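**Q** Below is one structure. I have some questions about it.
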Amino acid sequence: MEKRIRLKERDAIIQSLKSGVTPKIGIQHIQVGRSNEVKALYNDIERISQGGAAFRLIIGDYGSGKTFFLSVVRSIALEKKLVTVNADLSPDRRIHASSGQARKLYSELMRNMSTRNKPNGNALSSVVERFVTQARKEADEKNGDVSTVIHQKLASLSELVGGYDFAKVIDAYWNGHEQDNEELKSNAIRWLRAEYTTKTDARRDLDVRTIISDNSFYDALKLMSLFVRQAGYEGLLVNLDEMVHLYKLSSTQARTSNYEQILRILNDCLQGSAEYLGFLLGGTPEFLLDPRRGLYSYEALQSRLAENSFAQRAGVIDYSSPALHLASLTPEELYILLKNLRHVSAEGDTSKYLVPDDALKSFLHHCSQTIGDAYFRTPRNTIKAFLDMLAVLEQNPSMQWSQLVQSIAIEDDRPSDTDEIMVDEETGEILNSDRLADFKL
Amino acid sequence: MIEEYQRLDKRVQKWLFNQGWPDLREIQKRAIAPILSGDRDVLISASTAAGKTEAFFLPACSAIAEEENGFGILYVSPLKALINDQYRRLESLSEMLDMQVTPWHGDSLQSKKKKARNNPSGILLITPESLESLLVREPGWVKQSFTSLKYIVIDEFHAFIGTERGQQLLSLLTRLEHITGRISNPIPRVALSATLGELEKVPLSLRPNKSLPCETITGSQHQSTIKVQVKGYLEPIDITGDEKRTSAEQQICQEIFSLCRGDSHLVFANSRSRTESIAAQLSDLCEQQVVPNEFFPHHGSLAKELREDLEARLQKETLPTTAICTMTLELGIDIGKVSSVIQVTAPHSVSSLRQRLGRSGRRNLPSILRMLIAENELSDKSNIVDGLRLELVQSLAMIRLLIVNNWFEPADTEQMHLSTFLHQILSVIAQWGSARADQLYSLLCEQGSFKEISIQHFKQLLSHMGKVQLIQQLNSGELVLGIEGERLTNSYTFYAVFKTPEEFRIVAGSKTLGTLPVDSLILKDQHIIFGGRRWKVTNIDDEKKVIYVTSTKGGKPPKFNGSGMSIHDKVRQEMLSIYRTGDYRIEVGNQKIDFVDNLGRQLFQEGAYLFEEANLEKQPVYQSGKHSYIFSWMGDKVVNTLTVLLIRSGFVCSNFAGVIEVQNSNVDDIKNCLIAITKDDLPDETELAGTLSLQQKLIEKYDEYLPEDLLTECYGQKAFNSSATKQWIIACLV
């Protein structure tokens, strides 16, 4: 803990947490608890890099830190030289669809592709570049044609669905590189990002007959995992968060088709037909357990994802089962988290701490008075308030923390898919809909 | 004229010139400025064919002429046929402006819809149900396509006020403003309407949260001539064996046959079975006389093709056509005007009568209304309702109110509309995926149209919806659809909030007599009239929707049943005034116009005579033989209240045409009973509604999903009025 923390990481952490999102870098400095879970996922990643596959459902209540956990696993994967792609599901993005929503999810995944050197996304071009560079090197050594080398390296892909066209697109990228044709290169990247919506356009630009569309979501991911391997990486990790949006789909048909796809992915991964590929799906307990609308409503999934009955009886957790339940943070863990945040804020220098331990305790006490249990169950706003307080103290060295703690206002975290209703300030006073804030069925 | 004209887009001006109109009409000129301002709602109220649609479209199209992306005008109409008409009428104007016009409803062309989907712009013509479907199924596309919406225009607004569909429409408009982020900067709404009572209250029905001011434009009184005639017919007591006398219906058909052949007319018969029967008789007459058949039925249960064929025939105006119809032809489909309108029974409201009258009267010709009313021939056994010729007098009263006072029923705006509210809750959740309780309340009640629903009601409703699996709550507090809610929203029938009324089967012994709609008040031991006979209700089976009856004595039942909930106080008061003065004639200048024929006049005089004989003016409660009759001369809400109060106190009574018949009772008993009830507080509407069986209160589409308390409260508001009843008792009985 005595190491200095780089300013870049410190800023990234503080800024992200203040706006309520998970930081992309520097996670290791604030990770608290969950050591067993992290170990289990670490083993999964090792397995992926050795040619296996992984499938995990990360289940946690709203605000329990699922997304954070997924980010932690992601940074571990990056360190182990995997390529990661991640995306959140939404009403407009899902796994199976017929009007483009699956394609949009795929595009989002590709846009967020990250590598160790480019952890903030947009790494697709670099991955392709790397592959092409390697192919060139090989071609130079053998004195052969680069295109032939490319096709040789991608031969294994051709066996899979869509593999042939995939290889052709990479080839087109190489040609664009050769001919200094920026447009061809960017078209190839566009194709890989599933941004082509019609086959005619793809045919015209790249001379391929297929595009990545709703139907080829999973197949395209399998191809990508083999491709990144050929590009010199250890494998591909796919993070899909906010799976609860499938649960919220109002069409039973749509929901069932999506669950079918999840079953297919699960089977492939756990049977060993997928290689160098891992899936992490983040969702709420309802998403998994609801017998009428959740994954458990699909019988085949229920049997595969059922809890380990021995572990249940023995009162322990089986960390090897596909469904991993994350418990909420405990108050003690939250305390440690705040200590870490204080440490990060001071760039790792203990002499620059803005508040003493007492302040932390007092702060947490105040939070519990204000919003009750929610302060550690859904710590998002607690963390935000804490960082706000630190910011004020930093900018006003003369102020005392004791003055500030009492006046902290913490909002209750109330999620919803419906847009907030914006009204003018004057009318805002008369509205009494807030009396429904705590409504429970 | 020049000034306003100049403010229109140049191409619109050119189009006007091409039309060859000498001038813009009054309301068209006055509408230009307020609509172009874009900062207020506009209400245009004028009689049919006064040029309302142009009054809106000329300035509105000018305003959006330069817009390219997204729809500029949203036009909402109650009927698909109306939309098709409007589309035709806008063709030339839109061509001049190079503006896209898209009709969007269940039957419109897919190619047009697809074109609009890919490239939304111009004017969208849609029904409330199709709009609902878009919001639920394609919210993303809606958000994009309606960002530049400048105007929302609602045609035939009078058809929406106070109805379930109207509530749905207002709610949809609020949701549209919400999804496009226009709640704090609302989209101006323009309402086009023909007949409206109490005009000052209407802007509140257009925008309940008053976020924009409203300017009202009324057409100057339409100076058209109206010709009215009421003809009476006698229904003979017994026609078997006497070949010279024919039933009233046969006489009426003969009349229609002679009046209507050779030109186009509308005959309103108020019930499907009556429609069929009259149409059948008329076709037979045509066949007998070897002339082509010009008489066709039109009602909701008829096959779509038959209805459309008839509508097309009327629209073409090449062949003389007489349609025998129910309410379905009341709304303003542009089938062209007919020569005259005939009513075969008393109409159920004055606004309905006005709307129907408006269908007649071709260019420069007067509107013609004929009412052919039949009353029973009298004998010593006759019921007092028959004796007073109530159906005839009700018709006269309505005509007077219409012509002399220019009055029509004001819309009932205090209803909770719980069935539609429940529907909207499900719809909003389906649209977004999840929503919080406070958001739902804010959107639907505070910003939206459901102003009568308190937080208490709301919580009660949500809890019940959770219980019946319509909604569920996630751990995070959000509400999502439950398994039943999903089933409802996935069905293609979800988007409409109205339904055809359910009917109860009437069973005597082991024989089914027929069916009766549920909107009439029926309690155990009550007497009902069916098939011209009197029956006593022995049991009501909620589950199977059956009413068991036995034949009963109690005097011959009156011909005119008229039960329900639609007659307003004012109509009955007018009837009372006609009886009192003994004169129904209409004063015009110094003259009194008599619009009733000889037999009708005779029937009226019989009724007026009986009124005086029985001294009904001084005696609201009248005894005749063993039974008593209460004449409140108040609307159906008060009549229903009195009926239920008496039943609760142990009397056996029923009501026909606003008259309450109490079995085996005398005047004092009744008076004392009612006065005693008034001494303590009268039970309120909810308590009264509690006496009815559950099934009877299930009127609207989603009523079955409401918690019983709320349903009872809602029904109580529709059917009863305790305070008015108390006032009447104090005024008339004490």
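**Q** When A:Glu299 is evaluated against the numbered criteria (1) more than 30 Å from A:Glu9 (Cα to Cα); (2) touching a residue at least 12 places away in the same chain (Cβ under 8 Å); (3) among the acidic types (Asp, Glu), which criterion, by number, is the only one it fails?
**A** (2)
**Q** Restricted to region B:397-436, and to residues that are polar (S, T, N, Q) and away from chain A (no Cβ under 14 Å), which residue is nearest to B:Ser352 (Cα to Cα)?
**A** To start, the set of residues in region B:397-436 that are polar (S, T, N, Q) comprises B:405-406, B:413, B:415, B:419-420, B:424, B:427, B:431, B:434.
Still in the list and also away from chain A (no Cβ under 14 Å): B:405-406, B:413, B:415, B:419-420.
Details: B:Asn405: 16, B:Asn406: 13, B:Thr413: 18, B:Gln415: 20, B:Ser419: 24, B:Thr420: 24 Å.
By that ranking, first place goes to B:Asn406.
**Q** Got at least one residue in region A:385-401 being surrounded by 11 or more Cβ atoms within 10 Å (Cβ to Cβ), modelled with pLDDT of 80 or more, within 14 Å of chain B (Cβ to nearest Cβ) and assigned to a loop (DSSP other than H, G, I, E, B)?
**A** no
**Q** Test each condition in (1) at pLDDT below 90; (2) over 24 Å from the mean Cα position of the chain (by Cα); (3) of a type in the set (A, V, I, L, M, F, W, C) for B:Ile161 and report the one that comes out false.
**A** (2) is the only condition that B:Ile161 fails.
**Q** Have a look at B:Gln460, B:Gln394 and point out the one that is polar (S, T, N, Q), in a helix (DSSP H, G or I) and either more than 14 Å from chain A (Cβ to nearest Cβ) or crowded, with 20+ Cβ neighbours inside 10 Å (or both).
**A** Values: B:Gln460 fails: either more than 14 Å from chain A (Cβ to nearest Cβ) or crowded, with 20+ Cβ neighbours inside 10 Å (or both).
Result: B:Gln394 is the single residue among B:Gln460, B:Gln394 that is polar (S, T, N, Q), in a helix (DSSP H, G or I) and either more than 14 Å from chain A (Cβ to nearest Cβ) or crowded, with 20+ Cβ neighbours inside 10 Å (or both).
**Q** If you go through region A:47-81 one residue at a time, how many are assigned to a helix (DSSP H, G or I) and not β-branched (Val, Ile, Thr)? Quick ask: steps written out before the conclusion?
**A** Within region A:47-81, the subset assigned to a helix (DSSP H, G or I) is A:47-49, A:66-79.
So of that shortlist, the ones also not β-branched (Val, Ile, Thr) come out as A:47, A:49, A:66, A:68-71, A:74-75, A:77-79.
Of the residues in that region, 12 qualify.
**Q** How many residues are under 31 Å from the mean Cα position of the chain (by Cα), assigned to a helix (DSSP H, G or I) and at the interface with chain A (Cβ under 7 Å from one of its Cβ atoms) when one looks only at region B:437-457?
**A** Looking only at region B:437-457, we keep the residues that are under 31 Å from the mean Cα position of the chain (by Cα), and these are B:440-457.
Now restrict to residues that are assigned to a helix (DSSP H, G or I): B:440-446, B:455-457.
Checking which are at the interface with chain A (Cβ under 7 Å from one of its Cβ atoms) leaves us with B:441-443, B:446, B:455.
Result for region B:437-457: 5.
**Q** Out of all the residues in region B:363-404, which are touching a residue at least 40 places away in the same chain (Cβ under 8 Å), more than 24 Å from B:Leu576 (Cβ to Cβ) and among the basic types (Lys, Arg)?
**A** B:Arg370, B:Lys381
**Q** Please find, within region A:226-268, the residue that is nearest to the other protein chains (Cβ to nearest Cβ) out of those that are in a loop (DSSP other than H, G, I, E, B) and touching a Lys or Arg at 6+ places or on another chain (Cβ under 7 Å). Lay out the reasoning, then the answer.
**A** First, pick out the residues of region A:226-268 that are in a loop (DSSP other than H, G, I, E, B): A:231-235, A:242-243, A:248-251.
Subset that is touching a Lys or Arg at 6+ places or on another chain (Cβ under 7 Å): A:231-235, A:249.
Details: A:Ala231: 35, A:Gly232: 39, A:Tyr233: 35, A:Glu234: 36, A:Gly235: 33, A:Leu249: 8 Å.
Within region A:226-268, the match that is nearest to the other protein chains (Cβ to nearest Cβ) is A:Leu249.
**Q** Sticking with this structure for a sec: Going by the conditions given, is A:Lys39 more than 14 Å from every other protein chain (Cβ to nearest Cβ), in a loop (DSSP other than H, G, I, E, B), touching a residue at least 12 places away in the same chain (Cβ under 8 Å) and not hydroxyl-bearing (Ser, Thr, Tyr)?
**A** Values: more than 14 Å from every other protein chain (Cβ to nearest Cβ): yes; in a loop (DSSP other than H, G, I, E, B): no; touching a residue at least 12 places away in the same chain (Cβ under 8 Å): yes; not hydroxyl-bearing (Ser, Thr, Tyr): yes.
Criteria not met by A:Lys39.
**Q** Taking region A:280-310, which residues are assigned to a loop (DSSP other than H, G, I, E, B) and away from every other protein chain (no Cβ under 14 Å)? Explain how you work it out, then say what you get.
**A** Step one: list which residues in region A:280-310 are assigned to a loop (DSSP other than H, G, I, E, B), which gives A:284, A:290-294, A:298, A:306-308.
Listed by number, the residues that qualify are A:Tyr298, A:Ala306, A:Glu307, A:Asn308.
**Q** Filter region A:132-170 down to the residues that are in a loop (DSSP other than H, G, I, E, B) and either touching a Gly at 6+ places or on another chain (Cβ under 6 Å) or at negative phi (or both), then identify the one that is surrounded by the most Cβ atoms within 10 Å (Cβ to Cβ). Even if it seems obvious, please write down each step before you answer.
**A** First pass over region A:132-170, keeping only residues in a loop (DSSP other than H, G, I, E, B): A:143-145, A:154, A:159-162.
Those still in the list that are either touching a Gly at 6+ places or on another chain (Cβ under 6 Å) or at negative phi (or both) too: A:144-145, A:154, A:159-161.
Details: A:Gly144: 13, A:Asp145: 10, A:Leu154: 22, A:Glu159: 9, A:Leu160: 14, A:Val161: 15.
Looking at the filtered set, the residue picked out is A:Leu154.
**Q** For B:Asp386, indicate whether it is within 14 Å of another protein chain (Cβ to nearest Cβ), in a helix (DSSP H, G or I) and of a type in the set (Asp, Glu). Working first, answer last.
**A** Values: within 14 Å of another protein chain (Cβ to nearest Cβ): no; in a helix (DSSP H, G or I): yes; of a type in the set (Asp, Glu): yes.
No: the conditions fail for B:Asp386.
**Q** If the requirement is being crowded, with 17+ Cβ neighbours inside 10 Å, touching a helix residue (DSSP H, G or I) at 6+ places or on another chain (Cβ under 6 Å) and not β-branched (Val, Ile, Thr), which of these qualifies: A:Leu341, A:Leu301, A:Leu354? Spell out the reasoning first.
**A** Values: A:Leu341 fails: touching a helix residue (DSSP H, G or I) at 6+ places or on another chain (Cβ under 6 Å); A:Leu354 fails: crowded, with 17+ Cβ neighbours inside 10 Å.
Going through A:Leu341, A:Leu301, A:Leu354 in turn, just one is crowded, with 17+ Cβ neighbours inside 10 Å, touching a helix residue (DSSP H, G or I) at 6+ places or on another chain (Cβ under 6 Å) and not β-branched (Val, Ile, Thr): A:Leu301.
**Q** Let me ask another. Among the numbered criteria (1) of a type in the set (A, V, I, L, M); (2) closer than 18 Å to B:Thr489 by Cβ; (3) within 14 Å of chain A (Cβ to nearest Cβ), which single criterion is violated by B:Leu176?
**A** Condition (2) is where B:Leu176 drops out.
**Q** Exactly one of (1) assigned to a helix (DSSP H, G or I); (2) touching a residue at least 40 places away in the same chain (Cβ under 8 Å) is unmet by A:Val85. Its number?
**A** (1)
**Q** Which of the residues belonging to region B:358-381 are at pLDDT 80 or above and aliphatic (A, V, I, L, M)?
**A** B:Ile368, B:Leu369, B:Met371, B:Leu372, B:Ile373, B:Ala374, B:Leu378 - these are the residues of region B:358-381 that are at pLDDT 80 or above and aliphatic (A, V, I, L, M).
The rows are residues; the columns are (1) in contact (Cβ under 8 Å) with a residue 40 or more places away in the chain; (2) surrounded by 19 or more Cβ atoms within 10 Å (Cβ to Cβ).
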| position | (1), (2) |
| --- | --- |
| B:Gln472 | no, yes |
| B:Asn475 | no, no |
| B:Glu478 | yes, yes |
| B:Ile483 | no, no |
| B:Arg487 | no, no |
| B:Tyr492 | no, no |
| B:Val497 | yes, yes |
| B:Val507 | yes, no |
| B:Lys511 | no, no |
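**Q** Now, a different point. Could you check region B:608-692 for helices (runs of 4 or more DSSP H) lying wholly inside it with 3 or more residues that are in contact (Cβ under 8 Å) with a residue 40 or more places away in the chain? Reasoning before the result, please.
**A** Working: elements: B:636-648, B:667-679, B:685-689.
Output list reads B:636-648, B:667-679.
**Q** Next question, about the same structure. Can you name every residue in region A:420-437 that is within 7 Å of chain B (Cβ to nearest Cβ), in a loop (DSSP other than H, G, I, E, B) and modelled with pLDDT of 65 or more?
**A** Answer for region A:420-437, where residues must be within 7 Å of chain B (Cβ to nearest Cβ), in a loop (DSSP other than H, G, I, E, B) and modelled with pLDDT of 65 or more: A:Ile421, A:Met422, A:Val423, A:Ala437.
**Q** Out of all the residues in region A:13-29, which are buried (at least 17 other Cβ atoms within 10 Å of the Cβ) and more than 17 Å from the chain's Cα centre (by Cα)?
**A** Within region A:13-29, A:Ile14, A:His29 meet the criteria.
**Q** Another one. Scan region A:176-200 for residues that are surrounded by fewer than 17 Cβ atoms within 10 Å (Cβ to Cβ) and over 14 Å from A:Glu129 (Cβ atoms) and report the count.
**A** Qualifying residue count for the region: 8.
**Q** Outside any helix (DSSP H, G or I) and within 16 Å of A:Ser125 (Cα to Cα) - does that describe any residue in region A:206-217? Please lay out each step first, then the result.
**A** Initially, region A:206-217 is screened for residues outside any helix (DSSP H, G or I), giving A:207-213.
Filter once more, keeping what is within 16 Å of A:Ser125 (Cα to Cα): none.
No, region A:206-217 has no match at all.
**Q** Consider region B:463-483. How many of its residues are within 21 Å of B:Leu135 (Cβ to Cβ) and facing chain A (nearest Cβ under 10 Å)?
**A** Kept after step one, since they are within 21 Å of B:Leu135 (Cβ to Cβ), are these residues of region B:463-483: B:465, B:470-471, B:478-482.
If we keep only those that are facing chain A (nearest Cβ under 10 Å) too, we end up with B:465, B:471, B:478-482.
Selection size over region B:463-483: 7.
**Q** Ok, one more. Condition first: more than 14 Å from chain B (Cβ to nearest Cβ), over 15 Å from A:Gly278 (Cα atoms) and touching a strand residue (DSSP E or B) at 6+ places or on another chain (Cβ under 9 Å). Now tell me which residues in region A:68-96 satisfy that.
**A** A:Phe69, A:Ile95
**Q** Same structure, new question: Which pairs do you get when a residue that is part of a helix (DSSP H, G or I), found in region A:347-359, comes within reach of a residue that is surrounded by 12 or more Cβ atoms within 10 Å (Cβ to Cβ), reach meaning Cβ atoms under 6 angstrom, with the pair 6+ apart or on two chains?
**A** What qualifies is A:Lys352/A:Ala346; A:Ala359/A:Trp401.
**Q** Out of region A:362-384, which residues are assigned to a helix (DSSP H, G or I) and either surrounded by fewer than 16 Cβ atoms within 10 Å (Cβ to Cβ) or on the phi > 0 side of the Ramachandran plot (or both)? Talk me through it step by step, then tell me what you get.
**A** First, the residues of region A:362-384 that are assigned to a helix (DSSP H, G or I): A:362-371, A:374-377, A:380-384.
Answer for region A:362-384, where residues must be assigned to a helix (DSSP H, G or I) and either surrounded by fewer than 16 Cβ atoms within 10 Å (Cβ to Cβ) or on the phi > 0 side of the Ramachandran plot (or both): A:His365, A:Ser368, A:Gln369.
**Q** Would you check which residues across region A:223-262 are more than 18 Å from the chain's Cα centre (by Cα) and of a type in the set (D, E, K, R) and list them? Before the answer, list the steps.
**A** The initial filter retains those residues of region A:223-262 that are more than 18 Å from the chain's Cα centre (by Cα), namely A:223, A:226-234, A:247-261.
Within region A:223-262, A:Arg229, A:Glu234, A:Lys248, A:Arg255, A:Glu260 meet the criteria.
**Q** Of these, B:Asp668, B:Asp681, which one is charged (D, E, K, R) and at pLDDT below 85?
**A** Numbers: B:Asp668 fails: at pLDDT below 85.
The conditions single out B:Asp681.
The values are calculated or read from the model by the stated rules, or taken from the named source; none is laboratory data. Please read these numbers as outputs of a predicted model, since none were measured by experiment. As a convention, Cβ positions derive from the backbone with ideal geometry for all residues, glycine included, and neighbour counts pool all protein chains shown.
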